[in-house]
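The values are calculated or read from the model by the stated rules, or taken from the named source; none is laboratory data. Every value quoted in this text rests on a predicted model; they were computed, and no experiment measured them. Here the Cβ positions follow ideal geometry from the backbone for every residue, glycine too, while neighbour counts run over all protein chains shown.
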Number of protein chains: 2
Amino acid sequence: MRKQAACIGGGVIGGGWIARFILNGWDVNVFDPQPGAAEKIQQVLDNARRSLPALADVAMPSEGKLCYCDTLEQAVENAQWIQESVPERLALKHSVFKELQRYCKSDAIIGSSTSGFTPSQLQKNSVNPGQIFVAHPFNPVYLLPLVEVVASVDNSVDLAQQVLQVLTDIGMSPLLVRREIDAHIADRLLEAVWREALWLIKDDVATTEEIDDAIRFGFGLRWAQMGLFETYRIAGGEAGMAHFIAQFGPALQWPWTKLMDVPELTDDLIEKIASQSDRQSGAYSIRQLERIRDDNLVGIMRVQKAHNWGVGKLLKAYDQQLLAAQPQPAVIPSNAEPLIMYEGRVLPAWIDYNGHMNESHYLTVLSAATDNFMAYVGVDEDYIAKGGSYFTVETHIRHLAEASLNEELQVTTQLISCDRKRMHLFHRLMHMPSGKLLATGEHMLLHMDLNSAKTCFASEDVQGRLEKIFDLHVLLDKPQGVGSAIGVRS
Amino acid sequence: MRKQAACIGGGVIGGGWIARFILNGWDVNVFDPQPGAAEKIQQVLDNARRSLPALADVAMPSEGKLCYCDTLEQAVENAQWIQESVPERLALKHSVFKELQRYCKSDAIIGSSTSGFTPSQLQKNSVNPGQIFVAHPFNPVYLLPLVEVVASVDNSVDLAQQVLQVLTDIGMSPLLVRREIDAHIADRLLEAVWREALWLIKDDVATTEEIDDAIRFGFGLRWAQMGLFETYRIAGGEAGMAHFIAQFGPALQWPWTKLMDVPELTDDLIEKIASQSDRQSGAYSIRQLERIRDDNLVGIMRVQKAHNWGVGKLLKAYDQQLLAAQPQPAVIPSNAEPLIMYEGRVLPAWIDYNGHMNESHYLTVLSAATDNFMAYVGVDEDYIAKGGSYFTVETHIRHLAEASLNEELQVTTQLISCDRKRMHLFHRLMHMPSGKLLATGEHMLLHMDLNSAKTCFASEDVQGRLEKIFDLHVLLDKPQGVGSAIGVRS
């Protein structure tokens, strides 16, 4: 069944929601009567398409359909999830809710992207307050996983659970805020920094660029992975967090910051900030800055994925979700044909400086085919847990053609020979649907006892399956290139 | 001439300074009469040795000598740079300065790691106030480049220039603060966040872990690369920064934060924070957290190095500095030995279900060695930008032994043959320092015109370098396994 979302308001935040839903396979209806809205949304979608799939190591689902609606009614009538991202004025939000609740399903979920208002404020005078709640995301919405979810006493526990499920399904990390509070959590922290930064500029202590450098060459690098408390836990050392607070605490009483005073936003101060920012970043267009930011975000998040830490753990769980939702590989024929052992697409992370799939990822794909073949003959997780497995002892790859981003790939596998300890595989990596041969992989594997780290016989069950395949594959022509050596043949 | 630093106080911050100086080739005298100081410093040094060199793509200089001194006099008498990192009490710092100025050279530079005091406060009653200034670093000092430099009217412009030069030489990014102000810049921003975070915990709006997640799954990921103003510049879109401030400004008047009120640090509140932090991070020891943090920092910084952005630009400049200070390796080796073309460690992301480095990552490492060899013979970024490159057309890997997490790897490269279009490489992937052979990689590459996607001749310069290497490598024995084919040899 198709999943249907409606996005009301298509600015930077609304556009980010649209991109996240679409790229996760949801159909999205958009209502935004502003001139130029479709163009802005298209730009956000372009950015999202080049970055969100680069976080995954498995293929994303097929994109959902995007539909621009002329009326609010059309947009919301069939939607399961309605996301409101209109400007931050309470009266405007109230009028949008009043209008859309005339048309939407009574069990539709209505999330608000508000950065400041509480759900109780949003729900006031609503005919169905229980379907309205806060789902506050962070820019760029298609990449940053955080979304603050805030409910009031009028929201049911059941709704909260549905909300967390949907947000998790689209790869986000919902943070259910324990109590209603103005500006939730993150924006309260951001506001504190913002006020202090405005004072530092007004008083000529620092420029916009110096403040940014003070963040990104220092604590910003820590906060991308740990945050405030875990970082200070380390600073406190083995003496512990209580010791650290006792040490650090007194400094809080010193009159350092000017936080509750707000510098008056005179024309002079605004011009000062704007011109400093131009000097700092004016060499780049906003589009360029967006892409620089997104490429860095992908890299910073992928580092943590490689280390199985923080946001990287979320990304790994997201991969598992994506995999579980995908159709399993095609049924394998039992006639004399090479077996289809891999189907997928060229991922953004596999592209090198030449713009093509990097040579090392040919082996990523060929290895996956080997793993799938092993599982096919019975060497699966259970078998390995019992102490048996195959190790590759030799690999010969011939690179025959290039592959580019998002191209479909297929690997077929032919069993060249086998005995109780050895299997000799030949993979053909092809572009699909053309069937063009991109590479061949020839692999010799030995069956190992994982406890003794010595070779041993495969189980009779595995051996029986291998022999049945071999009885068919021995009828096939010997593949071109099998058993060849590398050398200059001039 | 040896460079001599003295570090007074060897806690987390002092130890970080010591590590940064030592790893950049400075000799360091340490004075810290606290029991256990040497052990703590050794731990910081161990962490630094495994992470700081991982930021560089060139070798670091030979380590300087570390000397624990029994007296302040011994520590400072010959030092060019004296770094004070004693606890944050003004009277204590005054007494340290008074004592050490009796013994140090009059032109020695005395930096204070103070996070809160101004240089004028530090200099009060000093016999030579002009040599004392603020150099405030960030933990871990051996990795984070930011150091806030603050001078008073008593410091000369000449001193400021010397200070910036030394800090740049040891790979830091000095931020010269324009005006003396309590807590400089970054800690004012941090304090604002810290106060608000304490309120959120006291009022049960969030736990320590929820606040950390609100940071590291959201704005923390942005701040590692841009900071506050450049991030908001993007959010403001093409309408510009002035428009953004005018929109955002009014929200500052709303009474969101509680910042100037300080929550009283009662025993109950301290216990609450400490026990939440234990639940959040208690599964890891401080040593483990330090290494997780450092590995993530290295990765997050290296991503930006690959993108030539932010902290990555600093790292590239640092590489150039390190290179310039080193004797250049002869472009062409003068003896017949395989070339060392890769050194690194087995990363966590490379481990498979058998607990060993996955077969596909053998090629990740071998490909990196191929890339390094290409750059070595002149096929670098500039060359590729002009339209020439080598493509791998054939790869033969023999897997000879397993590699485990964090083990050190080295790849040496032997040129088997070459002509104007082809090069035939043989890599040996070894475990270090044992030298045990883990795998061999044999690779045939063709020189391509990237515009026409056809083979073409390499430049004469590249060809010349290849031939000079070949003239030496032809003297080597033909490696075992070269030119062999895969097959069952029973």
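All conditions but one from (1) closer than 22 Å to A:ILE211 by Cβ; (2) within 14 Å of chain A (Cβ to nearest Cβ) apply to B:GLU210; the one that does not is (1).
Within region A:325-353, restricting attention to residues that are more than 27 Å from A:GLN414 (Cα to Cα) and surrounded by fewer than 16 Cβ atoms within 10 Å (Cβ to Cβ), the residue that is modelled with the lowest pLDDT is A:TYR353. The criterion of being outside any strand (DSSP E or B) and either outside the structural domain of B:VAL346 (by TED's automatic domain parsing) or within 30 Å of A:TYR390 (Cα to Cα) (or both) holds for B:SER434.
Quick grid of which residues meet (1) in a helix (DSSP H, G or I); (2) farther than 30 Å from A:GLN43 by Cα; (3) modelled with pLDDT under 95:
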position	(1), (2), (3)
A:LEU100	yes, no, no
A:ASP107	no, yes, no
A:ILE110	no, no, no
A:ALA135	no, no, no
A:VAL141	no, no, no
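Scanning region A:456-490 for residues that are more than 14 Å from chain B (Cβ to nearest Cβ), outside any loop (DSSP other than H, G, I, E, B) and touching a residue at least 60 places away in the same chain (Cβ under 8 Å) returns A:ASP461, A:VAL462, A:ARG465, A:ILE469, A:LEU472, A:HIS473. So which residues in region A:281-300 are facing chain B (nearest Cβ under 7 Å) and either of a type outside the set (Ser, Thr, Tyr) or surrounded by fewer than 19 Cβ atoms within 10 Å (Cβ to Cβ) (or both), if there are any at all? Passing the criteria: A:ILE286, A:LEU289, A:GLU290, A:ILE292, A:ARG293, A:ASP295, A:ASN296, A:LEU297, A:GLY299, A:ILE300.
Which one is surrounded by the fewest Cβ atoms within 10 Å (Cβ to Cβ) among residues in region B:130-163 that are of a type in the set (S, T, N, Q) and touching a residue at least 40 places away in the same chain (Cβ under 8 Å)? Before the answer, list the steps.
First, the residues of region B:130-163 that are of a type in the set (S, T, N, Q): B:131, B:139, B:152, B:155-156, B:161-162.
Now restrict to residues that are touching a residue at least 40 places away in the same chain (Cβ under 8 Å): B:139, B:162.
Working: B:ASN139: 21, B:GLN162: 15.
This residue is B:GLN162.
Would region A:413-420 turn up any residue that is more than 10 Å from chain B (Cβ to nearest Cβ), surrounded by 16 or more Cβ atoms within 10 Å (Cβ to Cβ), in contact (Cβ under 8 Å) with a residue 60 or more places away in the chain and under 34 Å from the mean Cα position of the chain (by Cα)? Yes, region A:413-420 has at least one match. Which members of region B:383-412 meet the condition of being surrounded by fewer than 22 Cβ atoms within 10 Å (Cβ to Cβ), outside any strand (DSSP E or B) and either among the aromatic types (Phe, Trp, Tyr) or touching a residue at least 12 places away in the same chain (Cβ under 8 Å) (or both)? Residues satisfying the conditions are B:TYR383, B:ILE384, B:GLY387, B:LEU400, B:ALA401, B:GLU402, B:SER404, B:LEU405, B:ASN406, B:GLU407.
Taking the condition of a type outside the set (D, E, K, R) and more than 30 Å from A:HIS307 (Cβ to Cβ), does B:HIS473 pass? Step through it out loud before you land on a result.
Working: of a type outside the set (D, E, K, R): yes; more than 30 Å from A:HIS307 (Cβ to Cβ): yes.
In short, yes.
Condition first: surrounded by fewer than 16 Cβ atoms within 10 Å (Cβ to Cβ) and within 18 Å of B:GLU337 (Cβ to Cβ). Now tell me which residues in region B:421-451 satisfy that.
B:MET432, B:PRO433, B:GLY435, B:LEU437
Only one of the listed residues (B:ILE185, B:ILE181, B:ILE234) is surrounded by fewer than 19 Cβ atoms within 10 Å (Cβ to Cβ), at the interface with chain A (Cβ under 7 Å from one of its Cβ atoms) and in contact with a helix residue (DSSP H, G or I) (Cβ under 9 Å, 6 or more places away or on another chain). That residue is B:ILE181. Within region B:437-455, residues that are among the acidic types (Asp, Glu) reach partners that are crowded, with 22+ Cβ neighbours inside 10 Å with beta carbons closer than 7 Å, at six or more positions or on different chains, in the pairs B:GLU442/A:ILE486; B:GLU442/B:HIS396; B:GLU442/B:PHE426.
The criterion of at least 3 residues that are within 15 Å of the chain's Cα centre (by Cα) and surrounded by fewer than 24 Cβ atoms within 10 Å (Cβ to Cβ) is met by none of the strands (runs of 3 or more DSSP E) wholly inside region B:2-81. B:ARG428 meets the conditions (1) on the phi < 0 side of the Ramachandran plot; (2) at pLDDT below 95 in every case but one. The failed one is (2).
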